[in-house]
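**Student:** If you scroll down you'll find the structure; I have some questions about it.
The values are calculated or read from the model by the stated rules, or taken from the named source; none is laboratory data. Computed from a predicted model, the values in this text were never measured in an experiment. All Cβ positions, even for glycine, are placed from backbone atoms using ideal geometry, and neighbour counts span all protein chains on display.
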Amino acid sequence: MAYLLALDQGTTSSRAVVFDADGKVCGVAQREFTQHYPRPGWVEHDAREILDTQLLCAREALALAGVAAGQLAALGIANQRETTILWERASGRALGPAIVWQDRRTAAECERLRAEGLAEVVRAKTGLELDPYFSATKLAWLLDHIPGARLRAEAGELAFGTVDSWLVWHLSGGRLHVTDPGNASRTLLYNLRDGVWDAELCAALRIPPALLPRVVDSIGVCGESDPAVLGAAVPIAGIGGDQQAATFGQACFAPGMAKNTYGTGCFLLMNTGERPVPSRHRLLSTVGWRGRGLSAYALEGSIFMGGAIVQWLRDGLGLIRSSAEVEALAASVPDSAGVVLVPAFTGLGAPWWDSWARGTLFGLTRGSGAAHIARAALEAIALQTVDLVDAMRADGAAELVELRVDGGAAANDLLMQIQADLLGVPVVRPRLLETTALGAAYLAGLGVGVWSGTDELAARWHAERRFEPNLGDAARSALRARWARAVERTRGWAAE
Ligand code: G3P
C-alpha cells in the first residue's frame, strides 16, 4: 500500500495527515502555534515555530499511522497563503517575523501606490487588488525595516517565500527554493497570463528579483526531502495554497464548481477552467493548480473574518466557552431581532477591499441579548459569502448549482442552513471534512502516479449532508437589504 503525507500549515495551527492510497486517514497530528499582535492591525508568526510545529506534526502523524517515511510515495503541502517570510540563504535563518496575510501594516503604503495609479496595472497583470493582504508590500516592509536587508537582498544573499517555499527549503536541507503558481499568484508579483514573475511589478513594488523562488508545478515532483528531516528521502510532489488545495480536495475539477472554506476567514473559490477570468466586481482571479496536464484558474472571494468571529464571541466577549456552543446559543432565538454584526475587525476583504472599515454592531435594543449577537454573528458569516456569490454572478461566472463546504465552522448545522437560506442555493457538506489536507495528498499522489487522474478522485467525493434553502424570497431580500445598509455604514471608519 502506498501512503501520502499531507502537511497542512494553516494560520493558527500546523497539521499533518497520513493518507493511504484509498484516501483513508491513517494518522493525524495538530499543533497550535503563537499568534503575535504587536500593534493594532499587525499579525505576526515566528517562522521557526511554523517549521518546528509542522515537522513535529509530520513525525507524530507518521508514528500514529505506523508508517515509516520510507513507505511514503510522496508528500504534499497545503499552506496559509500570502504570509511573507524573508530568510538568509547561508543559514536558513528567518530575518524578522513572518508577516501574516491578515496583517494591515502596509495599508497606507497600498493607498500611496493606488494614488500613483498602480492598482489598475496590478489588477490587469496579477488578477489581484492592491491590498495589504498580499505578499509584496509586506516583503518591501521587511526589506525597509531590517537593517541591511535591502542591500543583502540585491546581492542575492536572501530569499523570500510564502510558507510553502519556507517549508520546502527546510525539508530539502536548503537545496530547493521553489513555489507553485497558485502561491506565486498571491504575491502581487506574478504575471497571471504569462506565468512568470513580472519585472515591471517587481520594480514598482521595489522587490529585488534575486529574492524570488523558482515557480514549479503544483502537481509533480520538484525534489526530495533531505533524509535527515523525516528519516528517508521523500519526493515532494504537491504544492498548493490551502484554499487551492481545499478546492482540489473538494473535487471541484470542472468549471463552475465551487467550494467555500469556513476557517479563520472564508474563502470561496470557483473553478473557471484553463484561462483566468478577469473580475469586474473586485473578486480575485487566481491560479488554481498546474501540472501533469492539468491547469485550472479560479475566481476567488476572500473574507477575512469567518470562524474567527466565533472565536471573538468566545475570547473577546466571553459569550461562549467553546466555539461549538455558538450553535445552541444562536438556535435559542428564532432570529437576531434586528441585530446585525459587520465583522470588519481587520477591514473588509472582497468585494469591498476597505482596510479602514471596522467591526460594528447595529440594531441593539434593550431586548438584545447574547443569543441575538450569536445569531447575528452566524448570519454575518453567511451574508459575506452571499456578497461573494453575487459578485461572481455579476462577473458572468457560471450560475452556482450548489456550494460545497468545508473548514471547522462547516460542522455547524445552523450556520449551514442559514447559508443555504440566504444564498437560495443548496449547501453540500462532504463526508470527509479534512479537504485541505486531502487536496495536498491528491496533488502529491497525482504527481507520482498513485492515482490515475481527476476522474478517479471525483468518484471518491461523497456528500454527508445537503442543506436545502428554506426561506422565502421576500424574507431573504429583506435580510440582505438590511445587511447592505449596515456594511455601507462601516466603510472608512478608521481612516484618519
Ligand atoms: O489567504 C489566506 C488563507 O490561505 C488562510 O487560510 O485556513 O489558514 O485560515 P487558513
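**Student:** I'd like the full set of residues that are assigned to a strand (DSSP E or B) and in contact with an Asp or Glu (Cβ under 9 Å, 6 or more places away or on another chain), limited to region 398-440. I'd like the intermediate steps shown before the answer.
**Tutor:** Residues of region 398-440 that are assigned to a strand (DSSP E or B), as a first pass: 403-406, 427-430.
Result: ASP406, VAL427, VAL428, ARG429, PRO430.
**Student:** Of the conditions (1) surrounded by fewer than 24 Cβ atoms within 10 Å (Cβ to Cβ); (2) among the aliphatic types (A, V, I, L, M); (3) touching a strand residue (DSSP E or B) at 6+ places or on another chain (Cβ under 6 Å), ALA90 fails just one. Which one is it?
**Tutor:** For ALA90, the failing item is (3).
**Student:** Considering (1) without any contact (Cβ under 8 Å) to a residue 12 or more places away in the chain; (2) closer than 27 Å to ILE219 by Cβ, say which one GLU82 fails and leave the rest.
**Tutor:** That leaves (1) as the condition not met.
**Student:** Here's another thing I want to ask about it. Restricting region 131-169 to residues that are touching a Cys at 6+ places or on another chain (Cβ under 8 Å) and within 16 Å of the ligand (Cβ to nearest atom), which is farthest from ASP226 (Cα to Cα)? Break it down stepwise before answering.
**Tutor:** If we filter region 131-169 for residues that are touching a Cys at 6+ places or on another chain (Cβ under 8 Å), which is where we start, we get 131-132, 137, 168.
Imposing the further condition that a residue be within 16 Å of the ligand (Cβ to nearest atom) reduces the set to 131-132, 137.
On the way: ASP131: 37, PRO132: 35, THR137: 32 Å.
Per the criteria, the residue is ASP131.
**Student:** Right, something else. Report the residue count in region 225-256 for those that are out of contact with any Leu (no Cβ under 9 Å at 6 or more places or on another chain) and either hydrophobic (A, V, I, L, M, F, W, C) or surrounded by fewer than 21 Cβ atoms within 10 Å (Cβ to Cβ) (or both).
**Tutor:** Here is the first cut: in region 225-256, the ones out of contact with any Leu (no Cβ under 9 Å at 6 or more places or on another chain) are 227-228, 233, 241-242, 254-255.
Filter again for either hydrophobic (A, V, I, L, M, F, W, C) or surrounded by fewer than 21 Cβ atoms within 10 Å (Cβ to Cβ) (or both), leaving 227-228, 233, 254-255.
Summing the residues that are out of contact with any Leu (no Cβ under 9 Å at 6 or more places or on another chain) and either hydrophobic (A, V, I, L, M, F, W, C) or surrounded by fewer than 21 Cβ atoms within 10 Å (Cβ to Cβ) (or both) in region 225-256 gives 5.
**Student:** Now, a different point. Going through LEU294, LEU269, LEU283 one at a time, which residue ends up being within 16 Å of the ligand (Cβ to nearest atom) and either closer than 17 Å to ASP180 by Cβ or touching a His at 6+ places or on another chain (Cβ under 9 Å) (or both)?
**Tutor:** Working: LEU294 fails: within 16 Å of the ligand (Cβ to nearest atom); LEU283 fails: either closer than 17 Å to ASP180 by Cβ or touching a His at 6+ places or on another chain (Cβ under 9 Å) (or both).
Among LEU294, LEU269, LEU283, only LEU269 is within 16 Å of the ligand (Cβ to nearest atom) and either closer than 17 Å to ASP180 by Cβ or touching a His at 6+ places or on another chain (Cβ under 9 Å) (or both).
**Student:** Cβ contacts < 8 Å: first residue free of Cβ contacts under 8 Å to residues at least 60 places away in the same chain and more than 24 Å from ASP194 (Cα to Cα), restricted to region 115-144; second residue more than 13 Å from the ligand (Cβ to nearest atom) and of a type in the set (A, V, I, L, M, F, W, C), any location; separation 6+ or different chain. Result?
**Tutor:** Close Cβ pairs satisfying both conditions: LEU142/LEU86; LEU142/LEU95; LEU142/ALA149.
**Student:** Let me ask another. Answer yes or no: is there a residue in region 222-238 that is under 30 Å from GLN71 (Cα atoms), hydroxyl-bearing (Ser, Thr, Tyr) and within 16 Å of the ligand (Cβ to nearest atom).
**Tutor:** Taking region 222-238 and keeping what is under 30 Å from GLN71 (Cα atoms), we get 222-238.
So of that shortlist, the ones also hydroxyl-bearing (Ser, Thr, Tyr) come out as 225.
Okay, now just the ones that are also within 16 Å of the ligand (Cβ to nearest atom), so none.
No.
**Student:** Looking at (1) outside any loop (DSSP other than H, G, I, E, B); (2) modelled with pLDDT under 95, which is the only condition ILE373 fails?
**Tutor:** It fails just one condition, (2).
**Student:** Quick one: count up the residues across region 313-338 that are surrounded by fewer than 17 Cβ atoms within 10 Å (Cβ to Cβ), within 23 Å of the chain's Cα centre (by Cα) and under 13 Å from LEU378 (Cα atoms).
**Tutor:** 1
**Student:** A follow-up question, please. For region 441-457, name all the residues that are assigned to a loop (DSSP other than H, G, I, E, B) and over 17 Å from ARG290 (Cα atoms). Walk me through it before giving the result.
**Tutor:** Initial filter on region 441-457 (assigned to a loop (DSSP other than H, G, I, E, B)): 449-453.
The answer is VAL450, and nothing else.
**Student:** Of the residues ALA258, ALA245, ALA308, which is closer than 25 Å to ARG123 by Cα and either within 16 Å of the ligand (Cβ to nearest atom) or β-branched (Val, Ile, Thr) (or both)?
**Tutor:** Details: ALA258 fails: either within 16 Å of the ligand (Cβ to nearest atom) or β-branched (Val, Ile, Thr) (or both); ALA308 fails: closer than 25 Å to ARG123 by Cα.
Matching residue, one of ALA258, ALA245, ALA308: ALA245.
One line per residue, one yes/no per condition, for (1) buried (at least 23 other Cβ atoms within 10 Å of the Cβ); (2) among the β-branched types (Val, Ile, Thr); (3) within 16 Å of the ligand (Cβ to nearest atom):
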residue: GLY445; (1), (2), (3): yes, no, no
residue: THR454; (1), (2), (3): no, yes, no
residue: GLY472; (1), (2), (3): no, no, no
residue: GLU488; (1), (2), (3): no, no, no
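**Student:** Turning to a different aspect of this structure: Among (1) touching a strand residue (DSSP E or B) at 6+ places or on another chain (Cβ under 9 Å); (2) closer than 24 Å to GLU434 by Cα; (3) buried (at least 23 other Cβ atoms within 10 Å of the Cβ), where does LEU383 come up short?
**Tutor:** Result: LEU383 passes all but (2).
**Student:** Of the residues ARG460, ARG465, ARG476, which is among the basic types (Lys, Arg) and in a loop (DSSP other than H, G, I, E, B)? I'd like the intermediate steps shown before the answer.
**Tutor:** Values: ARG465 fails: in a loop (DSSP other than H, G, I, E, B); ARG476 fails: in a loop (DSSP other than H, G, I, E, B).
Selected residue: ARG460, the only one of ARG460, ARG465, ARG476 that is among the basic types (Lys, Arg) and in a loop (DSSP other than H, G, I, E, B).
**Student:** Just one of TRP141, TRP169 is out of contact with any His (no Cβ under 9 Å at 6 or more places or on another chain) and among the aromatic types (Phe, Trp, Tyr); which is it?
**Tutor:** On the way: TRP169 fails: out of contact with any His (no Cβ under 9 Å at 6 or more places or on another chain).
So the residue among TRP141, TRP169 that is out of contact with any His (no Cβ under 9 Å at 6 or more places or on another chain) and among the aromatic types (Phe, Trp, Tyr) is TRP141.
**Student:** May I ask you to list the residues in region 57-79 that are among the basic types (Lys, Arg) and either free of Cβ contacts under 8 Å to residues at least 24 places away in the same chain or over 30 Å from GLU44 (Cα atoms) (or both)?
**Tutor:** Of all residues in region 57-79, those among the basic types (Lys, Arg) come to 59.
Within region 57-79, no residue meets the criteria.
**Student:** Among the residues of region 167-187, write down those that are under 17 Å from the mean Cα position of the chain (by Cα) and under 14 Å from ARG93 (Cα atoms).
**Tutor:** Residues of region 167-187 under 17 Å from the mean Cα position of the chain (by Cα): 167, 179-187.
Within region 167-187, LEU167 is the sole residue that qualifies.
**Student:** Do you know which residues across region 172-188 are buried (at least 18 other Cβ atoms within 10 Å of the Cβ), assigned to a loop (DSSP other than H, G, I, E, B) and away from the ligand (no atom under 16 Å from the Cβ)? Before the answer, list the steps.
**Tutor:** Let us first name the residues in region 172-188 that are buried (at least 18 other Cβ atoms within 10 Å of the Cβ), namely 172, 176-188.
From what's left, assigned to a loop (DSSP other than H, G, I, E, B): 172, 176-177, 180, 185-188.
Scanning region 172-188 gives SER172, LEU176, HIS177.
**Student:** Go through region 93-110 residue by residue and tally those that are assigned to a loop (DSSP other than H, G, I, E, B) and either within 14 Å of the ligand (Cβ to nearest atom) or surrounded by 17 or more Cβ atoms within 10 Å (Cβ to Cβ) (or both).
**Tutor:** 10
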